[in-house]
Amino acid sequence: MGPLAVTQLLALISLTVAMDNGLLKTPPMGWMAWERFRCDIDCKDDPENCIREDLFRDMADRLVEDGWKELGYEYVIIDDCWMSMLRDEHGRLQPDPFRFPGGIAKLARYIHDRGLKLGIYADMGTHTCMGFPGTTLDTINIDAQTFASWGVDYLKFDGCSSNPIEQMLGYPLMSKALNATGRPMAYSCSWPVYVGGLPPKVNYSLLGDICHLWRNYVDIQDSWDSVQGIVEWFSNNQDDLQPAAGPGRWNDPDMLIIGNFGLSVDQARAQMALWAIMAAPLIMSNDLRNLDNSARFILQNKVAVAINQDSMGIQGRRLLQEKNHIEVYWRPLSHSASALVFLSRRTDMPSLYHTSLAKLKYDTGNYEAYDVFTGSTVTGLNATTQFTLSINPSGVVMWYVYPEQTSKETETLHYQHNKASQFTFHKAEPGHLTVL
Ligand code: GLA
């Protein structure tokens, strides 16, 4: 096929495809196996942690019984390594018979019976990233139909073992095939990762039309370095990425790793805060059966979740990078509210940060701020009021800021109080700004 034919075909496909089936008006929330459980298929020696139906049932039970579902964590998503190495006699993908003896449809029923939704993984290409059967252009329709027949609610469509032309054809075709099944399924596309994540190679407006969310960048790992690297890349490229997001179309900086081995409590708060600012999917990959309370409190922080799930769906931005490695992030929210995150990328000691809302481009007016992780409220702020925050190394202070006159609206939010106040606050003469 010549380049012109490919372009024409693409134009045709994108005219006939629209993934606007009303799903994911706010970023998806749930749990996914990959970062924590990877491709552990050793059920003999590691029965608790291997990829098999019991693991997903266990996580579904935890989501329901431990208060996750009522907060919105509803998707249980199978990642790579669920498949049998061979398709069945009708050419359909099938699960590994030993690790998923009940089949995916039965697992979907178990999950649906608990008011949750099931996600599954497939790969545009000859093989998945771990070498299981892939979905090639000629099997897209049958795979979409198979997933629909099993009652799948969400597809993560990876892109290992394919070339850019196959991806350019395959991702829109899968969108069309999912739509054609008549079953509403959320569609997560890894396409951008495989073509560098940025325009002109990535067409974010086309992606927003065909996918509900997309992975833009490298895989998250269980470390603060990895979280920082992802945040840095998203912020450095925010002019290209931030406008692409909105209800039904989300950038995906990858899973929440809170509750695993790599993050301190401060770093875990930082991941939660920054994922809320970025309007990122809140998809945890951790062991919900063994989660300490600090991780649970962070992931179940109702205000952080409410900020992430704000109905306007505007992705936030990095506003400032100070020379002393303090950064400020901001996201506009409904009801004239906003969220601010003050991140310290320092590695020495808690740093004092002096600023005012005016310095952060807020309009004149009176504001209140709720400190999301300490549960304290700052009243009597106006734009020029100077305040000082203490920010822990590789930690954040996160504020939910709202105009004073609408403060009653915040009474509907049930705040999580889990730590004493961390900041000092003082009023300064109007117009007085502290220079850093
Ligand atoms: C890729 C994806 C990961 C995960 C693995 C599975 O690396 O980016 O999120 O799905 O494949 O093999």
Using alpha-carbon coordinates, inclination of helix 53-65 to the longest axis of the chain, degrees: 30 degrees
Using the alpha-carbon atoms, what tilt in degrees (0 to 90, nearest 10) does helix 265-277 show relative to the longest principal axis of the chain? 80 degrees
For the chain, what does -39500 (n - 2.57) per DSSP helix run (n ≥ 4), summed and divided by total residues, give at 222 nm, in deg cm²/dmol to the nearest 500? -8500 deg cm²/dmol
SER205 to ASP66: extension gain in nm, 0.36 nm per residue of separation minus the Cα-Cα distance? 46.2 nm
Which residue, ILE230, ILE165, ILE326, tops the fluctuation ranking in a GNM of the chain built on C-alpha contacts under 10 Å? ILE165
Taking all pairs of distinct alpha-carbon atoms in region 77-120, Kirkwood radius in angstrom: 11.2 Å
Cα→Cβ-extended label distance, 7 Å offset, between ILE142 and ASP54, nm: 3.3 nm
For SER311 and PHE98, what does the FRET efficiency come to when R0 = 41 Å and r is the distance between their Cβ atoms, rounded to the nearest 0.05? 0.40
For region 202-269, what is the charge dipole size about the Cα centre, in debye to the nearest 20, if Lys and Arg each add +1 at the Cβ and Asp and Glu each add -1 at the Cβ? 200 debye
Taking Cα pairs closer than 8 Å and at least 6 residues apart, the relative contact order of the chain in percent is 13 percent
Name the trypsin sites (Lys or Arg not before Pro) in region 257-331 that are in a loop by DSSP and that have at most 16 other C-beta atoms within 10 Å, would you? ARG289, LYS323
Quick one: work out the % antiparallel among DSSP beta bridges in the chain, nearest 5. 60 percent
Sort region 257-349 into rounded, prolate or oblate with this rule: let a ≥ b ≥ c be the square roots of the eigenvalues of the Cα gyration tensor; rounded if a/c is under 1.5, and if a/c is not under 1.5, prolate when a/b is larger than b/c, oblate otherwise. oblate
Any idea what angle helix 3-16 forms with the longest principal axis of the chain, computed on alpha-carbon atoms, 0 to 90 degrees, nearest 10? 70 degrees
Which value in Å is the Kirkwood Rh of the chain over different Cα pairs? 22.6 Å
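Readers should treat all values here as calculations from the given coordinates under stated rules, not as data from a laboratory. Note that this is a predicted model, so its numbers are computed, not measured. Every residue, glycine as well, gets a Cβ built from its backbone with ideal geometry; the counts of neighbours run over all protein chains shown.
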